[in-house]
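Inspection log for the structure reproduced underneath, given as structure tokens.
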Amino acid sequence: MQDKHVYEYAVIRFMPKVEREEFINIGVILFSKPLKFLDLRYKVIEKRLNAFDVIDIEKSEIEAYLNTWKLICEGGAKGGVIGEQDLPSRFRWLTATRSTMIQSSKVHPGLCIEEPDAVLERLFEKYVL
């Protein structure tokens, strides 16, 4: 029997008016310390953005912000000071509580027997697509 590996994930949300606490899911971030894995998937669906009354931000700006999160996941100098930290620190920074338009849900645990990429894709399809 294959070994199970612990992972943690959070759903990435776009909140155009933070004070109203309305949001749409736009991505998923997944971290597994034993597998040394940190990555995210995102998709900003313009039709969903248009469901909100007034949006003070362009789709391209949201995607640029999420691309920065992706660079932090990849690690290294391109991810700035945060990108140079270890995997757990980068994940904790990305999933920290924020009062900005881009936030994450609470962190949820799981066990997987499959590759973490497959788990990330499955969660992405379930919560975003």
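Every read-out reported here was derived from the displayed coordinates using simple, explicitly stated rules and does not represent laboratory data. Computed from a predicted model, the values in this text were never measured in an experiment. When we count neighbours, we look across all protein chains shown, and the Cβ atoms used for this are built from the backbone with ideal geometry, even at glycine.
Of the labelled figures (i) -1.07, -1.33; (ii) -1.18, -1.49; (iii) -1.05, -1.46, only one reflects log10 I(q)/I(0) by the Debye sum over Cα atoms at q = 0.19, 0.22 Å⁻¹ as derived from the coordinates, namely (i).
Grab the other residues whose beta carbon is less than 14 angstrom from that of Leu71, score K and R as +1, D and E as -1, and report the net. So the surrounding residues net to -1. Relative to the longest principal axis of the Cα atoms of the chain, the long axis of helix 116-127 lies at roughly 30 degrees.
Cβ crowding within 10 Å ranks Asp3, Asp117 as Asp3, Asp117, fewest other Cβ atoms first.
Which of the trypsin sites (Lys or Arg not before Pro) found in region 53-129 are loop residues per DSSP with 15 or fewer other Cβ atoms within 10 Å of their Cβ?
For trypsin sites (Lys or Arg not before Pro) across region 53-129 that sit outside H, G, I, E and B with at most 15 neighbouring Cβ atoms in 10 Å, the list reads Arg98, Lys106.
Using r as the Cβ-Cβ distance of Ile45 and Glu22, and R0 as 22 Å, what FRET efficiency do you calculate, to the nearest 0.05? It comes out at approximately 0.90. Measure up Lys4/Lys47; Lys33/Lys126; Lys33/Lys59 against 30 Å on the Cα-Cα distance and list the ones that go over. Listed pairs above 30 Å: Lys4/Lys47; Lys33/Lys59.
Under the convention that each Lys and Arg Cβ holds +1 and each Asp and Glu Cβ holds -1, the size of the dipole of the chain around its Cα centre is about 200 debye.
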